[in-house]
Amino acid sequence: MKEEYGIESDSVKTDNTGKKIRAIAGYVIGIIIIGGFVYYIAEHRDAFKTVLDISWGHVLGIGIGVFLYWLVSSIQTLVLFREENIRIGFWENLVVLIASIALNYLPMRMGTLLRLRYLKSVHGLRYARYGSLFGIRLVILIFTTGVLGCAGTIAILISGGAFSKELTLIFIALIIISILGYIAPAPKFKNQNSAISRIWNDFSTGFEAIRNKPALAWQVMALTLLQFAALAARLYLSFDAVQFHPSPWILLLLVPLSTLMAFLTFTPGSMGLREGIMGYVTLASGYDFNSGIFAGVVDRVIILVMIFTVGTVCAVYVWIRMHKAVVKKSKIKRVS
């Protein structure tokens, strides 16, 4: 009866309250992580200045690496869109991707929301189908992270570095989850109010798509490896900029984990989390914790410069294009 008169039932109110609590908790966790990251850098600024030896060559190389990473990521999504008969242009897709990355530095993952609305308004892509495409990428990313991570820990051990049992167990778990999910259909949450339930459902849907379209999965995996190569080159230059020269095998651990953090983050742009992961991995591999953090900071600063320049222009373009599409559709509805 309450619903008939537009009054929320107790269950709906409880559900909305739960959403608000989860949202507030997410903001608090994000603020704590970013605040701790900023505090750590401020406390170690003298050590950072001492090791920093960055040149314009480093800046240019890392900047090119960032753009190549975006470019390959764009091609990856373009392949998936083509599979769904979404006729989005090459450069248009790249601009939308860069805009979403830039706006994801704002609260509530505004970039992802803008991208979803743009694809639906301009190209008619339903949110559910986008989740399916996202799921394919997530599954492949988890599997490749596990495989490369295991290979990296073994290679570091053979080359005389430290062996991390914790990291090895994490990588093995990722491989097992991927294999089990491929063999047996993963259950889905009926209630998708939390970020975890939505990500899990995308994960489950991704397995279904991979089983039905193995050729598409191989294409996405190849592009994922190219994406890793671009990030590896960036991190190598970032290490060199802070006079840190670890075993190159450490990149097999850092690169996929850093990429995975972008999907499972509590902070805008994974800020603080990614740098923390880099510090932990370098420490677990027998190197200095600060070196990983400092290299991450160098890479982050150059990303932010590109975000606030190129990203802002792309975001404005996407907003204008989406607004025109919405206005055009509303006029058509009025005429009909």
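The values are calculated or read from the model by the stated rules, or taken from the named source; none is laboratory data. Here the structure is a predicted model, which means the values were calculated and not measured. A quick note on method: Cβ atoms are made from the backbone with ideal geometry, for glycine too, and the neighbour counts reach across all protein chains shown.
What the table below lists for this structure:
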item	result
Failed item, numbered, when Glu208 is tested on (1) at pLDDT below 75; (2) in a helix (DSSP H, G or I); (3) farther than 17 Å from Ile140 by Cβ	(3)
Only listed residue being outside any helix (DSSP H, G or I) and either among the acidic types (Asp, Glu) or out of contact with any Asp or Glu (no Cβ under 8 Å at 6 or more places or on another chain) (or both), chosen from Phe143, Phe163	Phe163
Residue check, Ile21 more than 30 Å from Tyr236 (Cα to Cα), at pLDDT below 85, exposed (fewer than 13 other Cβ atoms within 10 Å of the Cβ) and within 27 Å of the chain's Cα centre (by Cα)	yes
Condition met for Phe294 (modelled with pLDDT of 95 or more and hydrophobic (A, V, I, L, M, F, W, C))	yes
Residue in segment 89-97 that is under 27 Å from Leu235 (Cα atoms) and not in a helix (DSSP H, G or I) present	no
Any chance Tyr130 is in a helix (DSSP H, G or I) and more than 19 Å from Phe228 (Cβ to Cβ)	yes
Test for Ile86: is it surrounded by 13 or more Cβ atoms within 10 Å (Cβ to Cβ), modelled with pLDDT under 90 and not in a helix (DSSP H, G or I)	yes
Residue within segment 45-56 that is of a type in the set (Ser, Thr, Tyr) and within 24 Å of Lys213 (Cα to Cα) present	no
Segment 286-311, residues that are over 19 Å from the mean Cα position of the chain (by Cα), farther than 19 Å from Met261 by Cα and touching a residue at least 40 places away in the same chain (Cβ under 8 Å)	Gly286, Tyr287, Asp288, Asn290, Ser291
Residue list for segment 62-87, restricted to those being closer than 14 Å to Cys314 by Cβ and among the hydrophobic types (A, V, I, L, M, F, W, C)	Val66, Phe67, Trp70, Leu71
Test: residue in segment 231-247 that is at pLDDT below 80, touching a helix residue (DSSP H, G or I) at 6+ places or on another chain (Cβ under 9 Å) and among the acidic types (Asp, Glu)	no
Residue match in segment 270-284 (condition: buried (at least 23 other Cβ atoms within 10 Å of the Cβ), within 25 Å of Gly57 (Cα to Cα), touching a helix residue (DSSP H, G or I) at 6+ places or on another chain (Cβ under 8 Å) and of a type in the set (A, V, I, L, M, F, W, C))	yes
Lone qualifier among Leu260, Leu264 - being modelled with pLDDT under 90, farther than 15 Å from Ser238 by Cα and crowded, with 20+ Cβ neighbours inside 10 Å	Leu260
Only one of Val96, Val139 that is out of contact with any Pro (no Cβ under 6 Å at 6 or more places or on another chain), buried (at least 21 other Cβ atoms within 10 Å of the Cβ) and within 29 Å of Ala173 (Cα to Cα)	Val139
Options Ala229, Ala233; residue that is over 20 Å from Ser159 (Cα atoms), assigned to a helix (DSSP H, G or I) and without any contact (Cβ under 8 Å) to a residue 60 or more places away in the chain	Ala229
Counted residues, segment 99-126 - those being assigned to a loop (DSSP other than H, G, I, E, B), of a type in the set (A, V, I, L, M, F, W, C) and surrounded by 16 or more Cβ atoms within 10 Å (Cβ to Cβ)	1
Selected residue (criterion: surrounded by the fewest Cβ atoms within 10 Å (Cβ to Cβ)) from residues of segment 214-233 that are under 16 Å from the mean Cα position of the chain (by Cα) and among the polar types (S, T, N, Q)	Thr224
Any chance Val66 is of a type in the set (Val, Ile, Thr), part of a helix (DSSP H, G or I) and within 24 Å of Ala232 (Cβ to Cβ)	yes
